[in-house]
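Take a look at the structure set out below.
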Amino acid sequence: MAQQPGGTTSAIILLSCIYWGALFGGAITSILFNIPGEPWSVATTFDGHPLAQHGRAGSALTAAFTSRSSGR
């Protein structure tokens, strides 16, 4: 049976994208703008924002994403 447009697989993918976007949204604002989105993102501003100011925002975001995904 073929996958129907708007089926359950699409709904699960959509919900997982919303979940991961909400989970990592605080890290993005903490690193790039020095504004923590959630209380647990405050520590990210201490190291992430100085890295972004020195042109290493990509490595700071990568570190935040990989550490968050394994920590939860």
- Message: Return the Rg/Rh ratio of the chain with Cα-based radii and a Kirkwood Rh.
- Response: 1.17
- Item | At R0 = 35 Å, FRET efficiency that the Cβ-Cβ distance of Asn34 and Thr8 yields, to 0.05 | 0.30
- Report, to the nearest 10°, how far helix 57-71 tilts away from the longest principal axis of the Cα atoms in the chain, using its own Cα long axis and a range of 0 to 90°. 60
- Task: Quickly estimate the mean residue ellipticity at 222 nm for the chain, helices only: each DSSP H run with n ≥ 4 gives -39500 (n - 2.57), and the total goes over all residues, rounded to 500.
- Result: -25000 deg cm²/dmol
- Using the beta-carbon distance between Ser59 and Cys17 and R0 = 22 Å, what value does 1/(1 + (r/R0)^6) give for FRET efficiency, to the nearest 0.05? 0.40
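FYI, it's all coordinate maths here, none of it is from the lab. Given the structure is predicted, the values throughout are model-derived calculations rather than measurements. Here Cβ is always computed from backbone atoms with ideal geometry, including for glycine, and neighbour counts include all displayed protein chains.
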